[in-house]
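Novice: Pasting a structure below so you can have a look.
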Amino acid sequence: MVLKAPAWICALVLVGCASASKPQNAVLSDLRMPKGWIVTDTNTVLPDLWGLIDDDNVGAVVALALANNPNVAQSALRVAEAEATLRAQAAPLFPALSTRTQSRTTRTGAFEDSTGSAGAALSWEVDLWGRLRATVTAGRGQLQATQADFVAARNALAGRVIRTLLEGSYSERILDVEARRIATLALNERLIRERYLVGLGPLSDLEAARATLAGARARLLDRQERLSRLLRALRVLVGNYEAELTLPGVFSIALPGTNLPATVLASRPDVVAALARVGAADDEARAATRALLPGISLTLDHSRNAGSVGSALGAEGMSLLLFDLAAPLFQGGRLRADRDRATLGAERELWGARDVLLNALREVDDALVLEASLAQQTGERARAQRFSRANQALFESRYREGIANIFDLINAQQSAYDAEVQLLNTQLRQAQNRVDLGLALGLSL
């Protein structure tokens, strides 16, 4: 099935450009969608990443990783830090109240004079130009981006765990094939040795059989070591190097369905984060520009003076209302430099968002094309395996009848085992690519 994409990124660009300036709109507006994406027919649109897997053991390992992985924990703390930063940025919008007490003693010869004062001050900066509000809005955008980064970190971790479990599961199946290969080669080596001992075969045949058997054993040891390394990597992902992990049996990965391409990418957390950073950078540039304008602040100061701090609390008070209008005249160009830096930062974030969008398009395209190719490859590999098994059975029959020699039989057997391993490797690639496709389409936990 071919899904025709519109000429422009429609809703996605509108979301990203809602708060962007005209130059930024121009940068994003020429980002075109692919003319068409080839998608395997499916009526199932999975709601989340959990829908990809059909094995409870896999889900349990993923949940363990989400709870204990250090990178995800750090990402969660960054969200909390962003929330605290936003609260700090919002504080100047409200009046600030402070209190003070002061005690002073002066000695002049034998004369001693003590005074005390107590007071409170209420101050508030009037956000006449919206500078403070722009700073808070920028903080909200950064918080949204950090939250999206957290979702992306969880999704990426889940994908890596599922991919690793798939590789481990298929590795165990391939190890079983290699063990059967070695058993067959050992049997062949014994038959050739017996023939050699009675003078029915040359020594070169026996040495060749032994070399083939040794090579197969070496491949088995290599695969066992790779599986052991994979399990160690899995323990790091789950955040517990001493965890007793058991690889699941054979489990399947569903093929994610897709909506229209123009709306697919808007749900990806990396795209959400990139567009949120664009908006936050625009607000930061707006705040830096408005810092060049005059500022107005009000201060209400109430104080009481007496001979001591204790008696000052009951003394007659004096209130003072201050109206402060300040305009920056000369600060060595610092404010204009801040404005220019913020403006350039906003443009940089926009180009960063464009890069994220382009890579998102490529990832979806790559996964869809690879899915179609691997589906065909799997069919061809399955046919190759059937033909190889039939050829193996034919040569076994011919060998028993004395028509074929032992090496013809060995070659047929090796081709059959190779075809089985190649089919398993292709099935593994297809399953892992479906995980990548789900992530590319924006499926989250």
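The values are calculated or read from the model by the stated rules, or taken from the named source; none is laboratory data. Note that the structure is predicted; figures quoted are calculated from it, not measured. Cβ placement follows ideal geometry from the backbone for every residue including glycine, while neighbour counts extend to all protein chains displayed. What goes into the accessible areas is simple: the full protein's heavy atoms, side chains included, and nothing from ligands, DNA or RNA. Shrake-Rupley method; radii C 1.70, N 1.55, O 1.52, S 1.80 Å.
Novice: Could you please find all residues in region 421-435 being out of contact with any Lys or Arg (no Cβ under 6 Å at 6 or more places or on another chain) and not polar (S, T, N, Q)?
Specialist: The answer is VAL421, LEU428, ARG429, ALA431, ARG434.
Novice: To continue, here is another question. Between residues in region 416-440 that are more than 14 Å from PHE251 (Cβ to Cβ) and aromatic (Phe, Trp, Tyr) and residues that are open to solvent by less than 50 Å² (accessible area, probe 1.4 Å) and modelled with pLDDT under 90, which pairs lie under 7 Å by C-beta distance while being six or more apart or on different chains?
Specialist: That search, which allows pairs on different chains as well, returns nothing.
Novice: Might you let me know whether region 165-175 holds any residue that is without any contact (Cβ under 8 Å) to a residue 40 or more places away in the chain and either under 25 Å from the mean Cα position of the chain (by Cα) or assigned to a helix (DSSP H, G or I) (or both)?
Specialist: No, every residue in region 165-175 fails to be without any contact (Cβ under 8 Å) to a residue 40 or more places away in the chain and either under 25 Å from the mean Cα position of the chain (by Cα) or assigned to a helix (DSSP H, G or I) (or both).
Novice: Give the residue, chosen from LEU213, LEU247, LEU255, that is in a helix (DSSP H, G or I) and either open to solvent by less than 30 Å² (accessible area, probe 1.4 Å) or among the aliphatic types (A, V, I, L, M) (or both).
Specialist: On inspection, the qualifying residue turns out to be LEU213.
Novice: So, one more: Going by what's in this entry, would LEU370 be described as of a type outside the set (Phe, Trp, Tyr) and open to solvent by less than 60 Å² (accessible area, probe 1.4 Å)?
Specialist: yes
Novice: Anything in region 114-171 that is of a type in the set (D, E, K, R) and within 28 Å of LEU445 (Cα to Cα)? List them, or say none.
Specialist: ARG140, ASP149, ARG154, ARG160, ARG163, GLU167
Novice: Going residue by residue through region 144-163, is there one that turns out to be assigned to a helix (DSSP H, G or I), modelled with pLDDT under 85 and open to solvent by 70 Å² or more (accessible area, probe 1.4 Å)?
Specialist: No - not one qualifying residue is present in region 144-163.
Novice: For ASP176, work out the one condition from (1) modelled with pLDDT under 90; (2) surrounded by fewer than 18 Cβ atoms within 10 Å (Cβ to Cβ) it doesn't fulfil.
Specialist: (1)
Novice: Hey, among the residues in region 195-210 that are out of contact with any Phe, Trp or Tyr (no Cβ under 8 Å at 6 or more places or on another chain) and surrounded by 11 or more Cβ atoms within 10 Å (Cβ to Cβ), which one's modelled with the lowest pLDDT?
Specialist: GLY201
Novice: What are the residues in region 269-319 that are of a type in the set (S, T, N, Q), modelled with pLDDT of 80 or more and crowded, with 17+ Cβ neighbours inside 10 Å, if any?
Specialist: THR289
Novice: Let me ask another. With respect to SER98, determine if the residue is modelled with pLDDT of 55 or more and polar (S, T, N, Q).
Specialist: yes
Novice: Considering region 62-100 alone, what residues qualify as being β-branched (Val, Ile, Thr), within 27 Å of the chain's Cα centre (by Cα) and either open to solvent by 50 Å² or more (accessible area, probe 1.4 Å) or closer than 21 Å to TYR241 by Cα (or both)?
Specialist: VAL62, VAL72, THR85
Novice: If you check ILE182 against the conditions, is it at pLDDT 85 or above, surrounded by 15 or more Cβ atoms within 10 Å (Cβ to Cβ) and touching a strand residue (DSSP E or B) at 6+ places or on another chain (Cβ under 7 Å)?
Specialist: no
Novice: Return the residue satisfying two criteria in turn: it lies in region 216-235 and is surrounded by 15 or more Cβ atoms within 10 Å (Cβ to Cβ) and among the hydrophobic types (A, V, I, L, M, F, W, C), and of such residues it is farthest from TYR417 (Cα to Cα).
Specialist: Filtering first and then ranking leaves LEU234.
Novice: Could you please give the count of residues in region 399-415 that are outside any loop (DSSP other than H, G, I, E, B) and open to solvent by less than 20 Å² (accessible area, probe 1.4 Å)?
Specialist: Of the residues in region 399-415, 5 are outside any loop (DSSP other than H, G, I, E, B) and open to solvent by less than 20 Å² (accessible area, probe 1.4 Å).
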